[in-house]
Amino acid sequence: MTLTLKPYVQTSPVYVAGASIESIRQTYGLEEVIKLASNENPFGPSPRAVEAIAQAAGGLNRYPPMTDDALRQALADTLGRGLTPAHFVTGNGGSEVLAMIAAVFLSPGDEFIISRPTFPMYEITARRAGAHPVYADLDPEQFTYRVDAILAAVTGRTRLVYLCSPNNPTGTIITAAQMDELIRRLPRHVLVVSDEVYFHYVSSPDYPDSLRYVLEDRNVIIIHSFSKAYGLAGLRLGYAIAPPGLAGYLARARQPFHLSQPALSGGLAALKDQAHLTKTISLTRQGRAWLSEQLRALRLAVWPAEGNFILFKPPFAAAEVSERLLRRGVIVRPMTQFYLPTHLRVTVGEPEENARFITALKEVLAELKAEGAPETTDTGPVQG
Ligand SMILES: Cc1ncc(COP(=O)(O)O)c(C=O)c1O
């Protein structure tokens, strides 16, 4: 008998991670490699989190607690606003929370709406559940949300609308006015998944207060992560914030002993070190401003960056620029999987890393110009 495989699982795209420092060292025979490719936090986790994780390691022969009550209580205390533990669902990173959402809200034949270019995990997790993408792409030049396009894309089969704000990879946000309009006009059968894993870094006064919608019991799930401003990408910890009814439903996708003890302890300790968080945010914003200025000075197209990364469009083929940066020991992220093969994304690093990236980029651009490499002029339309 032949196994029956689900065709939509077989054909769902697979996530391609940024290249690792070790692989680039080996491939190019380099000693010094810097990675500005995965929107990690170069300033590291809170020392208090590291200590808590080390302590937890000694007890790994035991199962962790079945519940994550203490962590959810700490999240409610940290975010305030009258949120309670019942508003939170934790998972092994925002990525897993996205997979849980797709598993419990989507069935084969359903539709979901995404605005490209954006984080590929929405399409990956939703297609793996058998749902079909409907695209309401960002404005192709400004990379701003088009609320009318999203609303026009809604059908009776639409289940989820994914928002990413700040959006990976463009760095742009949905504004408060836009989100308000969207929530007000969306029909009741549609759930908004607002991925805000980069929210700590936002400077814009136009950023929405999306917790308000959760507290108003709207069809909204917000996603946060410990991978970014808390500097704990390797720990795998993220969470959803939703009205308790929705959160309780989503929590059905959790496994027994869902989070490891290091994740439970490390997350709790990180939440208690707000000074470390504040410092990280401030250093990241400084680095972001410096990098944006440098890229603009090179006359490259750059978008308003509200996360810990900057999207830019090199004047030569992006893959070629990326490859030549690799040869100089600098890893940035090609954007092919993010629906934008003409652009590159650089993560804000430590000041020396940022400077090294800019120096290498200047060399690469000068080299390509000297070789007479063809210059690209288009703004790179979103690719299907
Ligand atoms: C927009 C967005 N959402 C979610 C994630 C997932 O983060 P994690 O699974 O590490 O929490 C990422 C990771 O880069 C991201 O860029």
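Placing unit charges on C-beta atoms (Lys and Arg positive, Asp and Glu negative, everything else neutral), compute the dipole magnitude of the chain about its Cα centre in debye, rounded to 20. Before the final figure, lay out each step's value.
Details: 37 positive and 37 negative charges, 125 e Å.
Using only the charged Cβ atoms, the result is roughly 600 debye.
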| field | Non-local Lys pairs in the chain, i.e. 8 or more apart or on different chains, that have alpha carbons under 27 Å apart | value | 10
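Using Cα-Cα distances under 8 Å and only pairs 6 or more residues apart, what relative contact order does the chain have, in percent?
Details: 733 pairs, mean separation 88.1, N = 384.
Result for the chain is 23 percent.
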| Sites excluded, trypsin sites (Lys or Arg not before Pro) in DSSP loops with at most 15 other C-beta within 10 Å, longest stretch of the chain | 189-298
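For region 47-273, give the share of DSSP beta bridges that are antiparallel, in percent and rounded to the nearest 5; count only bridges with both residues there. Spell out each step's value before the answer.
Details: 8 of 24 bridges.
Around 35 percent of the beta bridges assigned by DSSP in region 47-273 are antiparallel ones.
Over region 1-143, what relative contact order in percent results from Cα pairs under 8 Å that are six or more residues apart?
It comes to 22 percent, rounded to a whole number.
Between SER20 and GLN142, what is the FRET efficiency for a Förster distance of 35 Å, r being their Cβ-Cβ separation, to the nearest 0.05?
Plugging the Cβ-Cβ distance into 1/(1 + (r/R0)^6) gives 0.55.
Out of the chymotrypsin sites (Phe, Trp or Tyr not before Pro) in region 1-33, which ones are loop residues according to DSSP with at most 14 other C-beta atoms within 10 Å?
Details: sites: TYR8, TYR15, TYR28; in loops: TYR15.
Qualifying residues, ordered by number: TYR15.
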| said: Quick check on the chain: of the DSSP beta bridges with both residues there, what percent are antiparallel, nearest 5%? | reply: 45
| request: Work out the FRET efficiency for GLU181 and ARG157 from their Cβ-Cβ distance, taking R0 = 22 Å, and round it to the nearest 0.05. | output: 0.45
| field | Loop-exposed GluC sites (Glu not before Pro) per DSSP, neighbour cap 11 Cβ within 10 angstrom, longest uninterrupted part of the chain | value | 217-370
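List the relative contact order of region 47-273 as a percent without decimals, with contacts defined as Cα pairs under 8 Å and 6+ residues apart. Don't skip to the answer; put the middle values down first.
Details: 423 pairs, mean separation 66.8, N = 227.
Contact order relative to length: 29 percent.
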| query | Quick one: putting +1 on the C-beta of Lys and Arg, -1 on the C-beta of Asp and Glu, what dipole do you get for region 47-273 around its Cα centre, in Debye to the nearest 20? | reply | 600
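Coordinate-derived values only; no laboratory data. Values in this document were obtained by computation on a predicted structure and should not be read as measured data. Neighbour counts are summed over all protein chains in view; Cβ atoms, including those assigned to glycine, are modelled from backbone coordinates with ideal geometry.
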